[in-house]
Amino acid sequence: MQTRNFRHTTGARTNFRQNPNRAHQKRAIKQLKHADITRFINKATAPEKVEQFVPTHRFSDFPIENRLKEAIAQKGYREPTPIQDKTIAHILRKSDVVGIANTGTGKTAAFLIPLIHKILTQPRERVLIMVPTRELAGQIAEELHEFAYRLNIHAAVCVGGASMGKQLSQLRNRPQFVIGTPGRLKDLLERRALNLSEFRTAVLDEADRMLDMGFIKDMRRILALLPSPRHTLFFSATFSPEIERLVGEFLHNPIRVSVKTGDTVASIEQDIVRVPLGTSKLIVLQNLLMKPEFSKVLIFGRTKHGVEKLSKILAQKGFRAESIHGNKLQGKRQKALDLFKRAHIQILVATDVAARGLDIDSISHVINYDLPASHEDYIHRIGRTGRAGKKGKALTFIEQT
Ligand code: ADP
Ligand code: MG
């Protein structure tokens, strides 16, 4: 089951998010524009043509507590997805695991299920889950809660922009899971509110994005405080040479499992929208958004300012649109996301902060209004649609020059 040959994506990879280097960025985008347009086009495969996956395990076969099996059944998971099928047994055996699988294929439960079992059988154990964005931390905590609320297993969500007081009091209750972003975790460590010597298990979900965001120093400091040996898991939909270095540094003899079917799942239909010279992108966008099939649309823009402006303009034009980006207060960020999740608004305009890990039901379209900075970013952005076997469409705007 072990796959050692990861697909190394070759997209123009850049590190400009922390230290904006406009020339570099422009170059990367230009490269994407001219060399990789075909990468933005991929007709979804008809479901009958997609080979049916037959798992080798059933949830009932895994050596996990019955209480947990009941919780899985209650959540409506009937059989493991490929990444769950191929990693859960290794994690239960306490191997370090690198799990690479397409977006929307159940990576969260692949690590939560065996780790909940670990806590049930070793109640003194504690688990640290590190993620790049606040919203992803909240989402993983929700999924954990759904599995474990009857099992007396709790989590603290430690993210920036939220009340420190609440997090301090959550931590005082010694929850078995701590889920957080590197910056806030570091702050809590400095205040001595968190003692990482009790955490023998760490999960890095979407860690390559943390690397992009310049969190590598914080991640290193945090992981160095965990006891050794520790049990470390790494999950992502993309794998690049930078990540290989990270894995070499943080994981010990990991079992590598890659169940990717191409760069993206077949359920995402991808196409480009050519914007002719002299035509406004905004008009083209508006015309699309007026079509009834554009029922739940996630639009990606490049800058916080641009995203805010676009969502305001769309709202002025009468669309139900909100925005999410790093310049917005956390409460408002979360509120916009919740409105979108519950389909109370049609459109969410976002920076790449919404590109990682977010599981929003039935997004009909992802639109790259501005080009992504790298091929990895593209994969994660469009991976917000076509999840858990549903179909979705991804459109990328290409301005003719
Ligand atoms: P990933 O992390 O791979 O992008 P998620 O863990 O967010 O994917 O899962 C995507 C969706 O699939 C979620 O809505 C989740 O509830 C659902 N899901 C996960 N595992 C299963 C399963 N075994 N059966 C049915 N649905 C599942
Ligand atoms: Mg995920």
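What the table shows:
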{"read-out": "Matching residues, the stretch 354-375, being surrounded by fewer than 23 Cβ atoms within 10 Å (Cβ to Cβ), closer than 17 Å to N102 by Cβ and either within 16 Å of ligand 2 (Cβ to nearest atom) or outside the structural domain of L298 (by TED's automatic domain parsing) (or both)", "value": "D359, I360"}
{"read-out": "The stretch 75-89 residues that are assigned by TED's automatic domain parsing to the domain that holds D61 and of a type in the set (A, V, I, L, M, F, W, C), paired with ones that are in a helix (DSSP H, G or I) and within 15 Å of ligand 2 (Cβ to nearest atom) (beta carbon under 8 Å, 6 or more apart)", "value": "I83/K107; I83/A110; I88/A110; I88/I113"}
{"read-out": "Subset of the stretch 317-352 [open to solvent by less than 20 Å² (accessible area, probe 1.4 Å) and among the aliphatic types (A, V, I, L, M)]", "value": "A321, I324, A336, L337, I345, I347, L348, V349, A350"}
{"read-out": "Lone qualifier among M219, M210 - being in contact (Cβ under 8 Å) with a residue 60 or more places away in the chain, outside any strand (DSSP E or B), more than 16 Å from ligand 1 (Cβ to nearest atom) and surrounded by 17 or more Cβ atoms within 10 Å (Cβ to Cβ)", "value": "M219"}
{"read-out": "Within the stretch 66-88, considering residues that are touching a helix residue (DSSP H, G or I) at 6+ places or on another chain (Cβ under 7 Å) and under 16 Å from F235 (Cα atoms), the one farthest from ligand 2 (Cβ to nearest atom)", "value": "I88"}
{"read-out": "Filter pass, V257 being more than 16 Å from ligand 1 (Cβ to nearest atom), of a type outside the set (G, A, S) and not in a loop (DSSP other than H, G, I, E, B)", "value": "no"}
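Okay, residues lined up against (1) of a type in the set (D, E, K, R); (2) in contact (Cβ under 8 Å) with a residue 60 or more places away in the chain; (3) within 16 Å of ligand 1 (Cβ to nearest atom):
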| position | (1), (2), (3) |
| --- | --- |
| K328 | yes, no, no |
| K341 | yes, no, yes |
| I345 | no, no, no |
| T351 | no, no, no |
| R356 | yes, yes, yes |
| I363 | no, yes, yes |
| P372 | no, yes, no |
| H375 | no, yes, no |
| H380 | no, yes, yes |
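The values are calculated or read from the model by the stated rules, or taken from the named source; none is laboratory data. Worth saying up front: this structure is predicted, and the values here are computed from it rather than measured. Cβ: placed from backbone, ideal geometry, glycine included. Neighbour counts: every protein chain shown. Only protein heavy atoms, including side chains, enter the accessible area calculation; ligands, DNA and RNA are left aside. Shrake-Rupley method; radii C 1.70, N 1.55, O 1.52, S 1.80 Å.
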